[in-house]
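All remarks here apply to the structure that follows.
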């Protein structure tokens, strides 16, 4: 379960960016007008385009890697611990 919404580790702008990433990652994507309006309150048009592009790229890489069996190379061995502190969970 994602608990970033309740976490004190993120400010409102960061939380809405995480919501955008979460909505873009779902299949089918679930970016509503209401969510997009909240994103606009915190970010400029250029920032939204850049953020959406990065989220889309990470989704592409994740899906490509999973399809082709590309595994993590242990570049950040404490990632699970850091994400757990933020209320995020790595799904297998």
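Can you name the residue in the stretch 6-34 that is surrounded by fewer than 16 Cβ atoms within 10 Å (Cβ to Cβ), touching a residue at least 12 places away in the same chain (Cβ under 8 Å) and over 8 Å from the mean Cα position of the chain (by Cα) and is also nearest to residue 53 (Cα to Cα) among such residues?
Within the stretch 6-34, the match that is nearest to residue 53 (Cα to Cα) is 13.
I need the full set of residues from the stretch 53-92 which are part of a helix (DSSP H, G or I), within 19 Å of residue 12 (Cα to Cα) and either modelled with pLDDT under 80 or out of contact with any helix residue (DSSP H, G or I) (no Cβ under 7 Å at 6 or more places or on another chain) (or both), in order please.
In the first step, residues of the stretch 53-92 are kept if they are part of a helix (DSSP H, G or I); the result is 53-68, 79-85.
From the residues that got through so far, the ones that are within 19 Å of residue 12 (Cα to Cα) too are 55, 83, 85.
If the condition is that a residue be part of a helix (DSSP H, G or I), within 19 Å of residue 12 (Cα to Cα) and either modelled with pLDDT under 80 or out of contact with any helix residue (DSSP H, G or I) (no Cβ under 7 Å at 6 or more places or on another chain) (or both), then 83, 85 are the ones that fit.
Looking only at the stretch 19-46, count every residue that is outside any loop (DSSP other than H, G, I, E, B) and under 24 Å from residue 6 (Cβ atoms) and tell me the total.
Quick first cut of the stretch 19-46, residues outside any loop (DSSP other than H, G, I, E, B) only: 19-25, 33-42, 45-46.
The next check asks that each one be under 24 Å from residue 6 (Cβ atoms); those that pass are 19-25, 34-42.
Matching residues across the stretch 19-46 total 16.
Is it the case that residue 49 is part of a helix (DSSP H, G or I) and either surrounded by 10 or more Cβ atoms within 10 Å (Cβ to Cβ) or in contact (Cβ under 8 Å) with a residue 12 or more places away in the chain (or both)? Before you say what the answer is, go through the steps one by one.
Working: part of a helix (DSSP H, G or I): yes; either surrounded by 10 or more Cβ atoms within 10 Å (Cβ to Cβ) or in contact (Cβ under 8 Å) with a residue 12 or more places away in the chain (or both): yes.
So residue 49 passes the test.
The values are calculated or read from the model by the stated rules, or taken from the named source; none is laboratory data. All figures in this text were calculated on a predicted structure; none of them were measured in a lab. Every residue, glycine among them, receives a Cβ derived from its backbone with ideal geometry; neighbour counts consider all protein chains shown.
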